[in-house]
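Read the structure below first, then the notes.
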């Protein structure tokens, strides 16, 4: 059984909570005591039906105000796959939250109200999904029961969205007509949509293949931690712990250690007390080298013919998270893989209007929830890939030097 | 190991190594329950062949199951770990908190004071816990690296965004972090992992005979400090624990499961959440959030 991480996006009344509630309920991830608790809470609020949104709104303030403030993570499984949902709120701080949820997702589920068709929010959500390089989008055209399950309406929305997907360069879009409220095409194919020949939503989630050829990417091993036991049994042991951020590495491979460009050979790869021949992307391992070389946290092991770029001037798409706006020419701490350096903001090339998908080159003020193309200069060179090539070595965050808050996330161009 | 457990394990080991790299003085919050036992197992894997480079911190309410304490001591000995114990009894004796009275009296809430004292006294800058997001709705909003202010408090409305696998553990003097390496695991994942990795657990998790009494539909273990209501009577039952906490708030499951396969089957079929029998969560709709804001686990 493998793991699929997906994010959900939708505007306020498009039935996102209902859909998530249904996925959880039908996969038996909602328990009786939880149902009882939200049933009681719904009644206390004077609502007629059980309000499944109360299940997903984990914070008191959210329940009081009836809004979702923060990303929440939910879990369910079918016999075929295990799922982690990053459930992101539709309105307040949508960009900050959706970017956060999308950063770890393999797939985005975007909801559209069949009565209203593609909205500004749909475009916004799709832009963020493409910016974060989510490879698969399922466009759920919801509330089909309210439009008499009209194939014409479904086809029109699909046609409109194909244009958007092309513009945003989103390659894999799946379209599905559903009614989250009644369960049409959620778990089982609905008899109300005989014209729809593809899978139900659950079947799609279970079968979409997301990890294509990642082992063919260039090898990237950011060193996270040095393991030196200094015990009698492992007297001379010096291991480099980390999680493989790209490709694969094997015992016997020649590697280059960045930034010092020292060459060495891999003599061992272990996971706990087990030796393995090859480590693949995503594996947390410990590596030993042939030579007694100087390697510390923040260094990266790569292969000679697959070098990343060495950069001190970095151009990236930046999403700003904090209420305090970006300080032009301000200094921030950059965290990139296991590396930490300082940077200064050099320039804003443009600010993205994510409703119209146009670039604004005049307005250089970057505040909360803005997305912009920004140039920074770092205090020392970083070894990077573009975010399109590698999400780990192509991403970074900016941290405030005084408050230590995470101010922004950047995707290197 | 199935690929989803492997993925979760890789993520948790990554988090443990970040803890070691980003903090000066971390400690694993150890309760004797299965989640903290899995944490210790993951930490062993993350730092092998080095010993786990931080101590265990146990907040002892004085109302613990003896089996959990014995298990704790054996584990500490086996892996050469350092154990710090924060005693709720001492906090009460020092006059810092007043013991609850009445039938539902529990030391669960008092633990927060002892925990924050222990963190301050031992200068712990990262308290690593076995909290999982699937446990409870307030925990579903929790970060891996969760910032606590100088009063040890959580501000759920203003959490740092957490993207990709970049964790920001920077803080100012007096502040600390709670870190949750198994955030993304579900109860069933934990049990399947225990099964696949053959991790030893306290005998409490397996079926056994115990004196128990029923309160509002929940079976609780009888102990001399538990105040029985007039209509409650102690019976001998065949039970096991689904979660292990303080005796006063740990509900028992009537069960004959005496091995991991049967426990996994039981968990997979159950229609009640893990914390559904935890008295500490039943106090109000936001019981967990309220305690977490104050600095609870």
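If we scan the range B:107-117, do we find a residue that is more than 16 Å from the chain's Cα centre (by Cα) and more than 15 Å from residue B:297 (Cβ to Cβ)? No, there is no match, as no residue in the range B:107-117 is more than 16 Å from the chain's Cα centre (by Cα) and more than 15 Å from residue B:297 (Cβ to Cβ). The test for being buried (at least 18 other Cβ atoms within 10 Å of the Cβ) and either within 14 Å of another protein chain (Cβ to nearest Cβ) or farther than 21 Å from residue A:401 by Cα (or both) holds for residue A:289. In the range B:189-196 there is no residue matching the filter, namely being part of a loop (DSSP other than H, G, I, E, B), at pLDDT 95 or above and under 30 Å from residue A:83 (Cβ atoms). Summed over the range A:171-210, residues that are exposed (fewer than 14 other Cβ atoms within 10 Å of the Cβ), part of a loop (DSSP other than H, G, I, E, B) and under 26 Å from the mean Cα position of the chain (by Cα) total 2.
Of all residues in the range A:211-227, those satisfying the criterion of being under 20 Å from the mean Cα position of the chain (by Cα) and surrounded by fewer than 16 Cβ atoms within 10 Å (Cβ to Cβ) are A:211, A:212, A:213, A:214, A:215.
Restricting to the range B:171-199, name every residue that is under 16 Å from residue B:25 (Cβ atoms) and crowded, with 21+ Cβ neighbours inside 10 Å.
B:176, B:177, B:178, B:179
Among the residues of the range B:134-141, some residue qualifies, meaning at least one is touching a strand residue (DSSP E or B) at 6+ places or on another chain (Cβ under 9 Å) and either modelled with pLDDT of 95 or more or assigned to a helix (DSSP H, G or I) (or both).
Is there any pair linking a residue in the range B:72-94 that is modelled with pLDDT of 95 or more to one that is surrounded by fewer than 17 Cβ atoms within 10 Å (Cβ to Cβ) and part of a helix (DSSP H, G or I), with Cβ under 8 Å and at least six apart or on different chains, and which? Pairs that qualify, where the first residue is modelled with pLDDT of 95 or more and the partner is surrounded by fewer than 17 Cβ atoms within 10 Å (Cβ to Cβ) and part of a helix (DSSP H, G or I), are B:83/B:73. Each residue in the range A:283-294 was checked for being under 23 Å from residue B:18 (Cα atoms) and modelled with pLDDT of 95 or more, and 7 of them qualify. In the set (1) modelled with pLDDT under 95; (2) within 14 Å of another protein chain (Cβ to nearest Cβ); (3) touching a strand residue (DSSP E or B) at 6+ places or on another chain (Cβ under 9 Å), the condition left unmet by residue A:275 is number (1). Restricting the range B:156-177 to residues that are assigned to a helix (DSSP H, G or I) and at the interface with another protein chain (Cβ under 7 Å from one of its Cβ atoms), the residue that is modelled with the lowest pLDDT is B:157. Kindly provide the set of residues from the range B:1-12 that are part of a helix (DSSP H, G or I) and in contact (Cβ under 8 Å) with a residue 60 or more places away in the chain, ordered by number. Scanning the range B:1-12 gives B:4, B:5, B:8, B:9, B:11, B:12. Look through A:269, A:257, A:249 and report the one residue that is in a strand (DSSP E or B) and over 21 Å from residue A:309 (Cβ atoms). The unique qualifying residue is A:269. Could you please find all residues in the range A:214-246 being within 15 Å of residue A:267 (Cα to Cα), in a loop (DSSP other than H, G, I, E, B) and facing chain B (nearest Cβ under 8 Å)? The answer is A:237, and nothing else. Does the range A:2-10 contain any residue that is part of a helix (DSSP H, G or I), within 9 Å of chain B (Cβ to nearest Cβ) and either modelled with pLDDT of 70 or more or under 26 Å from residue A:105 (Cα atoms) (or both)? Scanning the range A:2-10 turns up no residue that is part of a helix (DSSP H, G or I), within 9 Å of chain B (Cβ to nearest Cβ) and either modelled with pLDDT of 70 or more or under 26 Å from residue A:105 (Cα atoms) (or both).
Within the bounds of the range B:253-264, is there any residue that is farther than 24 Å from residue B:105 by Cβ and within 14 Å of another protein chain (Cβ to nearest Cβ)?
yes
Do we find that residue A:228 is without any contact (Cβ under 8 Å) to a residue 12 or more places away in the chain and under 23 Å from residue A:8 (Cβ atoms) in this structure? No.
Of the residues A:369, A:390, the single one that is in contact with a helix residue (DSSP H, G or I) (Cβ under 9 Å, 6 or more places away or on another chain) and not assigned by TED's automatic domain parsing to the domain that holds residue A:247 is A:369. Exactly one residue out of B:47, B:65 is in contact (Cβ under 8 Å) with a residue 12 or more places away in the chain and at the interface with chain A (Cβ under 9 Å from one of its Cβ atoms), and it is B:47. Counting only residues that are assigned to a strand (DSSP E or B) and surrounded by fewer than 19 Cβ atoms within 10 Å (Cβ to Cβ), the range A:379-412 holds 3 of them.
Of all residues in the range B:26-44, those being within 13 Å of the chain's Cα centre (by Cα) and free of Cβ contacts under 8 Å to residues at least 60 places away in the same chain number 2. Entry remark, the range B:45-58: residues being buried (at least 23 other Cβ atoms within 10 Å of the Cβ) and within 17 Å of the chain's Cα centre (by Cα) number 3 in total. Here residue A:42 passes the criteria (1) surrounded by fewer than 19 Cβ atoms within 10 Å (Cβ to Cβ); (2) outside any helix (DSSP H, G or I) except the one numbered (2). For the range A:321-354, a residue qualifies if it is part of a strand (DSSP E or B) and under 15 Å from residue A:404 (Cα atoms), and the qualifying residues are A:331, A:332, A:333, A:334, A:335, A:340, A:341, A:342, A:343.
The values are calculated or read from the model by the stated rules, or taken from the named source; none is laboratory data. Just so you know, these numbers come straight off a predicted model, no measurement behind them. FYI the Cβ positions are ideal-geometry reconstructions off the backbone, even for glycines, and counts take in every protein chain you see.
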